[in-house]
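Notes for the one structure printed next.
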Amino acid sequence: MSTLEPIRVELPDEAATLRLAEDVAAKLAIGDVIALRGDLGAGKTSFARALIRAVAADAAYEVPSPTFTIVQTYDTRVPIAHFDLYRLGSIDEMQEIGFDEAVSEGVVLVEWPERAEESLPANRLEIALDMHGTGRMATLSGGGDWPQRLERTLAIRAFLDQGGFAEASRRHLQGDASTRAYERVETPEGKRAVLMDAPERPPGPIVRDGRTYDDLAHRATTVRPFVAMSDGLRAAGFSAPAILAADMPAGLLLVEDLGNEGVLVDGAPDAERYGVAVDVLAALHATPRPVELPLPDGTRHIVPPFDADALTIEVDLLPRWFARHATGASLSDEAEADFVAVWRDLFARIDATEKSWLLRDFHSPNLLWLPEREGLRRIGILDHQDAMIGASAYDVASLLQDVRISVEPALEIALADRYVAARKALGAFDEAAFREAYAISGAQRATKVLGGFARLAAAAGKPQYLRHIPRVRGYLKRCLRHPVLSGLALWYERYLPLDD
């Protein structure tokens, strides 16, 4: 277990105390215990109140003192229990007040931790507050992975200061299925941006031919592809976030805040917004796009190809994970061999189709509606760091067969027809080849997602992804109606029926 060398942070005023609380709040995780030490009036309750409000993303959030109740609980993004042990009668009372349960379910803040020293976990974070001049001095120490977390969050604060966002507030925005995390930051003057916290991902295990999954699937492990693609999309006339500040080696970016309004209305696809998104793809695909893109440090990013390695390692998630999820057993050797053969033939067909930038996750979670802009720039494109050169039809299928939101068949057909009409209006276009590539792309994506969501549930403890499986299975069944997928349809019928 690593131990944090004491870090001293001067807090000249209440605003500085609030910022340190936000810096700690940004890296909280369930199971954390934070022990707050200091004399009466040293600011323990002020710090706890600022931290709770930061997690709640509400500067006016009511946070009463637990002095008389001993514990106050908060149903925030991460559940918080705030204990004041000053009136604790004995160590035995720790169980009675629900301390262990609170640790297992959320984050615990403890004032007067010396009253129950031996009952606190060794990997806790200690924050000692002392009066210092007209302000305070905070001394942080602890164990577990707190050294790494605090180093990261304080580096982020320094990055904000250097990037023109000194004294900015930090609010959790979202995380995703990867290691990336996002925050919305805002200065006292009201200047806003989005912080991307994406440290370089270490190599995963070798899965095939001496290469990792990221290598084979061409997934970004640094922020460099995001910077290159964001600049490239903006240069082409599309709305991607402007890069306001970057520390690419550290994996830290400050990017333009495009707001919160998505392409869904009342939780369902909005026909107008999806229509503009389709028009964006038509315009993107109608013009040849470069394979090499410049980066601010003078280097270049090479957009990788959606090659056989990427396609096959993605669909391989289905026999590895979804088959066992669906049937409780692994596929036979014969079934796996037939699966590989079917997809080998399908890749040969899709590899011969029209190619462009394949943004990979062009669907509702990554698209914003910008009504104040005009034309195609009304669609904000957020997630493009895994872009490749591949079938133009792929992103159309990603949008119209959104794995997290149901797109009804009639809307899917109308939007696909809109794409075809837009492409024909922009120049020569092979509709039959597009329809074939669309079916293959949709089937490949659905096959990958079924396996990926089963893996996230089984291996990463994220069962919430399973709720999307019936929808994705329905999309796959739509795709299998195309004649080009007759072999794949027969494979599912024989080895892994898609019926409920």
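The values are calculated or read from the model by the stated rules, or taken from the named source; none is laboratory data. Predicted, not measured: the structure shown is a model, and the values here were computed from it. Counting neighbours? That spans all protein chains shown, and the Cβs are built from the backbone with ideal geometry, glycine included. Surface accessibility is based on the protein's heavy atoms, side chains included, excluding ligands, DNA and RNA. Shrake-Rupley method; radii C 1.70, N 1.55, O 1.52, S 1.80 Å.
Annotations for the structure displayed:
- Principal axes of the chain: Cα extent on each, largest first, Å: 76, 51, 45
- Using a Förster distance of 56 Å, the FRET efficiency for residue 58-residue 344 (Cβ separation, nearest 0.05): 0.55
- For residue 301, the solvent-accessible surface computed with a 1.4 Å probe is close to 30 Å², ligands and nucleic acids excluded.
- Percentage relative contact order, segment 217-297, counting C-alpha pairs under 8 Å, at least six apart: 25 percent
- Other residues lying with their Cβ under 15 Å from the Cβ of residue 229 contribute a combined charge of 0, Lys and Arg counting +1, Asp and Glu -1.
- Cα centroid separation, segment 433-500 to segment 244-299 (Å): 26 Å
- Eigen-decomposition of the gyration tensor built on the alpha-carbon atoms of segment 326-481 gives equivalent ellipsoid semi-axes of 28, 21, 14 angstrom, largest listed first.
- By a 1.4 Å probe calculation restricted to protein chains, residue 482 has an accessible surface near 50 Å², given to the nearest 10.
- Residue among 453, 491, 193 farthest towards the positive dipole end of the chain, charges placed on Cβ: 491
- Working from Cα pairs under 8 Å separated by at least six residues, relative contact order for segment 1-121 is 31 percent.
- Among the listed pairs 355/424; 27/462; 44/191, those beyond 23 Å (Cα-Cα): 44/191
- Beta-bridge orientation, the chain: approximately 80 percent antiparallel, per DSSP, counting only bridges with both partners inside.
- The modelled label-to-label distance for the pair residue 297/residue 29, using points 7 Å beyond Cα in the direction of Cβ, is 2.7 nm.
- Extension gain, residue 77 back to residue 466 (0.36 nm per residue minus Cα-Cα distance, nm): 137.9 nm
- Cα centroid separation, segment 97-169 to segment 14-90 (Å): 10 Å
- Spherically averaged projected area of the convex hull of Cα atoms, segment 1-88: 6.7 nm².
- Relative contact order (percent, whole number), the chain, Cα cutoff 8 Å, 6+ residue spacing: 12 percent
- With all protein chains modelled, accessible area of residue 212 [1.4 Å, Å²]: 10 Å²
- Cα extents of segment 272-412 along the three principal axes, largest first (Å): 54, 40, 28
- Base-10 log of normalised Debye intensity for segment 420-500 (one unit scatterer per alpha-carbon) at q = 0.23, 0.25 Å⁻¹: -1.04, -1.14
- Stokes-Einstein diffusion for segment 209-322 at 10 °C, viscosity 1.306 mPa s, with a Kirkwood radius from C-alpha pairs, works out to 94 µm²/s.
- When 191, 27 are compared by accessible area of protein heavy atoms, the largest-first order is 191, 27, using a 1.4 Å probe.
- Mean ellipticity per residue at 222 nm, deg cm²/dmol - from DSSP H runs of n ≥ 4 across the chain, formula -39500 (n - 2.57): -12000 deg cm²/dmol
- The share of C-alpha pairs in segment 388-441 whose separation exceeds 16 Å stands at 41 percent.
- The label point for residue 119 and the one for residue 329, both projected 7 Å from the Cα toward the Cβ, are 5.2 nm apart.
- A simple spin-label model places pseudo-atoms 7 Å from Cα toward Cβ; at residue 148 and residue 417 they are separated by 5.4 nm.
- Formal net charge of residues neighbouring residue 459 (Cβ-Cβ distance under 12 Å; K, R +1; D, E -1): +4
- When all protein chains stay in place and ligands, DNA and RNA are ignored, the 1.4 Å accessible-area order of 104, 90, largest first, is 104, 90.
- The radius of gyration of the Cα set in segment 117-272, together with its Dmax, comes out at 19.8, 63 angstrom.
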